[in-house]
Amino acid sequence: MRVGAIAVAGGIGFLLALAYVFTSARDARLPVVERSTHAPPATSNSESSPALLPGRAASESARVRADADGWSPRDMPAKVAQRLREAKDKRVFFDRALEVGGGAYLHFALEALQRCRVVNEYGMVGAEQDVVARIPANDPAQSRRLEAYRAFIRGCEGFALRSVTGREESAIVRRIYESNDAVAKAYNLRSSSDAAAEYDGRATAVELLESGDAYLIQIIVPYLATNGETAAWNWALCELGLDCSATGAYGNLQCFAVGKCDWKALEDVAEPLFGAGGAAPAASRKDEIVAAVRARDWAKLL
């Protein structure tokens, strides 16, 4: 199982941009739209880091601390996504998320790792050297793209000091599947057919859609998207709550990776980001999805 396939991607262009950056990392684990088709194999706790699988005393300590600062394993993905955006140190967020537990925090721990993937592999200096080598020297936007990359990996320094191993990453994935919450349901729904067959897939999809949480819905896009609708769903989710702003990490990613630096509204770059194979992006279907989710008209989506 390629663990990085679980990382969130906000659109076709977003995926290509991440691939642009991450292909140099050793055994790069690229985020892809089509999710893994197999749940991770069960392994004994002895194969996982003790920090990832805390004992009863550690778990109780983490619960008390979580209650004290408002972090709860019951927090929904949208709330945790905001915490990650606001975190100045992504490695501190990663460690705290593992301590708190719960599907949403574990999912976004993987998101933090994915964002800092190249730093985790090569360190800050190596990561910058890598992207410099990928931007053409005669590109008039070279300096701007480099600044966007620096902004994108800002806060990743801790991963250079304490890198995350593949075994630790796999342990996080196992914890997500075992978390018995909405995120675990989403992972199982978009995972193997055997896992989905254990319950009514449509009923589970409706339950997750009813949450109104765009970050939770994003996990099950492979289940929801039919007939090549993935791009329309990714675009719709930007309107339903995902942070796809030009001034955030998404904007920095588009700038340094594919040279799209001068845009204000998502519509300005929708065609290259959400168009498939040169085709115009499915704006009409995107609008239908947004309207159906807001009207809770699941018949138009499932």
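Quick note: the coordinates plus some simple rules give every number you see, no bench work behind them. Remember, it's a predicted structure, so these values are computed and weren't measured experimentally.
Relative to the globular-protein estimate of 2.2 N^0.38 Å, the Cα radius of gyration of the stretch 117-218 stands at 1.54.
For LYS300, the aspartates and glutamates whose Cα comes closer than 16 Å to its Cα, not counting residues fewer than 8 places off in the same chain, are GLU207, GLU210, GLU229, ASP287, GLU288. Using the structure shown, select from LYS260/LYS286; LYS185/LYS286; LYS90/LYS260; LYS79/LYS260; LYS185/LYS260; LYS88/LYS264 the pairs with a Cα to Cα distance greater than 30 angstrom. Those over the limit are LYS185/LYS260.
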